[in-house]
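Written out below as structure tokens is the structure these notes cover.
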Amino acid sequence: MERNDIIAPENLVYKKPTLLNDTDMHYCPGCSHGVVHKLIAEVIEEMGIEEKAVGVSPVGCAVFAYKYIDIDWQEAAHGRAPAIATAIKRLWPDRLVFTYQGDGDLACIGTAETIHALNRGENIAIIFINNAIYGMTGGQMAPTTLMGMKTATCPYGRQADLHGYPLKITEIAATLEGTCFVSRQSVHSVAAIRKAKRAIRQAFENSVNRRGSSLVEIVSTCSSGWKKTPIEANQWMEEHMFEYYHLGDLKSI
Amino acid sequence: MAEEILLMKGNEAVAHAAIRCGCDGYFGYPITPQSEILETLAAEKPWETTGMVVLQAESEVASINMLYGGGGAGKRVMTSSSSPGVALMQEGLAYMAGAEIPGLIVNVQRGGPGLGTIQPSQGDYFQATRGGGNGDYYLIVLAPSSVQEMADFVDLSFELAFKYRIPVMMLSDGVIGQVMEKVVLPPFKPRRTEEEIIASCPWASTGRKAGRPINVITSLELQPEAMEKHNHHLQAKYDEIRKNEVRIEETMTDDADYLIVAFGSAARIAQKAIDDLRKEGIRVGLLRPITLWPFPYDRICELSTKVKGILTFEINAGQMVEDVRLAVEGRTPVTHYGKMGGIVPTPEEVIATLKDHFHITQ
């Protein structure tokens, strides 16, 4: 059998979603962002709502999310994505409106916007990338940095007396009346990716069907910030991150 | 049918005008002395009539970012606040300016700095006319001096905001916001349909129709050459606005020996001062900038060659006077009179200052 026989169209079992364009991603090897981007593009395409999707990108590593997924976007000021999404969804009620935010953006500078958008039950979906570190600015402490974890701004490890405790904002979100779906997932294995995709789909359907607010946290790797190889980063995440940030649905109504 | 004349506060007039001129959404946070705007909208329930969204946000920071989102999606959106709240909005305003997002911000000014006072002031002139946030940008700034103008400037602001894709600030103050006056509300104008918005705002992030490139609302550009080009584009737009949109009102400037320059509520006080001075035979005229940016440099320059002196009267420590001096370039003496602690000066104080400073013995 020749190569061309093997790559014949009838043998095609997988292709990237067409919404994901061919622009080279700026993400580091081993980073979770690329996988989550692909899942978002796949879900929008499978739901057939390309023309009704509006994404809001954050300040952080995903600031350029709009360069990779071919839908309409707004790029938010640091932490303000849920406020921006609130207005878009209220003014265009039949749109899928989602934000894509990191831990510093969502759980630190944008805590007020996050909590209040979720508490109002805005019909938006929030995709929350938690890699416990500030990636874009070069590895500083995040609100979700684990105890003892070393970063550029806690070089001797996170200590409670100096830095307080890692924030479980997803658990807080699950207590809010406005949320209908709160889930914590990861994308470190094929099985995990499948579960994460189901969660993103659920969140996006909730937005379109105006069922309330959805938050999907993706516990993620940052091999550059963590100063590990991609494989080490995945192992470290499984050993340490999952112990504190338990995977699974926290709320689904 | 004859026009219906109503009696209401400036703040209430803004709310009614917004509903009538096809506003799609209001997002705001309570602060004195402008809370009647949100209260009136909440009482009127326009979401049941015109479909206008009204939302009390969690902060002024959230409010201005809701304007970013709504304006970026092509909708006519507005917020209102007072001085300390508007200070909180400056980040969002800079982002809106950079991303070229239309929107209306009503600032019913109170005294400062900081928490200051809830009494009227015009202390935010610099903040409003110099951009206020980071980077090289301007807002169009309209200064109403009556309840009628607070009503009329809502639609005008939206027209300008969408014509130039720029945030527009209506810089009112605690006097005009709180005083009750006669007003004729603008006629009803329907909200634009979704199809009309998509057609008239091809740049807006409304959801990408098959075949068109994606629309991205952003102020970010990491390539220095592209950032420079974007800034040149913004500056060219500001030049166009300077050329087309200067608005002023002149009273008795033709034969004036002295000129008073005042805006907003101060212009109303100056008007009374001028009337009294004319009765004494002192020929004083009033120039009232209606747009504070773009500022009427050319007309003030022209008048400066004809008068013996100019008094700039503001309810602040002297902010617009800097623009007046830039316009006058030393051709005639310029002085300033104002109060800062929330005290509204009287016409008598204006008259005394003018006579004293320019040695008018009449």
Q: Treat every Asp and Glu Cβ in region B:249-357 as -1 and every Lys and Arg Cβ as +1, leave all other atoms uncharged, and give the resulting dipole magnitude about the Cα centre to the nearest 20 debye.
A: 100 debye
(Q) Calculate the FRET efficiency for B:K306 and B:S200 from the Cβ-Cβ distance with a Förster distance of 35 Å, rounded to the nearest 0.05. (A) 0.20
Q) Which whole number gives the average count of other chain Cβ atoms within 10 Å of the Cβ atoms across peptide B:69-82? A) 4
Q. With contacts defined as alpha carbon pairs under 8 Å and 6 or more residues apart, what's the relative contact order of chain A in percent?
A. 19 percent
Q.
Please report the antiparallel percentage of DSSP beta bridges with both residues in the protein assembly as shown, rounded to the nearest 5.
A. 25 percent
Q.
Using the Kirkwood formula on the Cα atoms of the protein assembly as shown, what hydrodynamic radius do you get, in angstrom to one decimal?
A. 26.3 Å
Q.
Only four residue types carry charge here, +1 at the Cβ of Lys and Arg and -1 at the Cβ of Asp and Glu. Report the dipole size of region A:38-114 about the Cα centre in Debye, rounded to the nearest 20.
A. 280 debye
(Q) Defining a contact as two alpha carbons under 8 Å apart and six or more residues distant in sequence, what relative contact order in percent does region A:156-253 show? (A) 35 percent
Q. Where does chain B land at 222 nm, in deg cm²/dmol rounded to the nearest 500, when only DSSP H runs of n ≥ 4 count, each adding -39500 (n - 2.57), divided by all residues?
A. -12500 deg cm²/dmol
(Q) Straight-line reach only, C-alpha to C-alpha below 18 angstrom: list the lysines that A:K15 could link to, leaving out same-chain residues fewer than 8 apart. (A) A:K38, A:K197
Q. Relative contact order, percent, of chain B when contacts are C-alpha pairs under 8 Å separated by at least 6 residues?
A. 18 percent
(Q) Residue by residue through B:56-62, how many Cβ atoms from other chains fall within 10 Å of the Cβ on average? (A) 6
Q.
Within 10 Å, at most 11 other Cβ atoms, and a DSSP state outside H, G, I, E, B define an exposed site. Report the longest part of chain A free of exposed GluC sites (Glu not before Pro).
A. A:3-176
(Q) Output the 0 to 90 degree angle, nearest 10, between the alpha-carbon long axis of helix B:224-244 and the longest principal axis computed from the alpha carbons of chain B. (A) 50 degrees
Q. Along the positive direction of the dipole of region A:27-252 (beta-carbon charges: Lys, Arg +1; Asp, Glu -1; about the Cα centre), which of A:Y165, A:V59, A:T221 reaches farthest?
A. A:Y165
Q. Taking +1 at the Cβ of each Lys and Arg and -1 at the Cβ of each Asp and Glu, which of B:M66, B:I140, B:V106 sits farthest along the dipole of region B:6-195 towards its positive end, judged by Cα position relative to the Cα centre?
A. B:I140
**Q.** Spatially proximal aspartates and glutamates relative to B:K306 (Cα-Cα < 15 Å; intrachain offsets below 8 disregarded)
**A.** B:E250, B:D254, B:D255, B:D257, B:D298, B:E329
Q) By count of other Cβ within 10 Å, fewest leading, how are A:I49, B:I343, A:I200, A:I231 ordered? A) A:I231, B:I343, A:I49, A:I200
Q: Would you mind checking the pairs B:K163/B:K209; B:K243/B:K355; A:K168/A:K227; A:K52/B:K237; B:K75/B:K272 and listing those with alpha carbons more than 29 angstrom apart?
A: B:K243/B:K355; A:K52/B:K237; B:K75/B:K272
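Throughout, read-outs are computed from the coordinates displayed, never taken from laboratory work. No experiment lies behind these values; they were computed from the predicted model shown. Methodologically, a virtual Cβ is constructed for each residue, glycine included, from the backbone with ideal geometry; neighbour enumeration extends over all protein chains shown.
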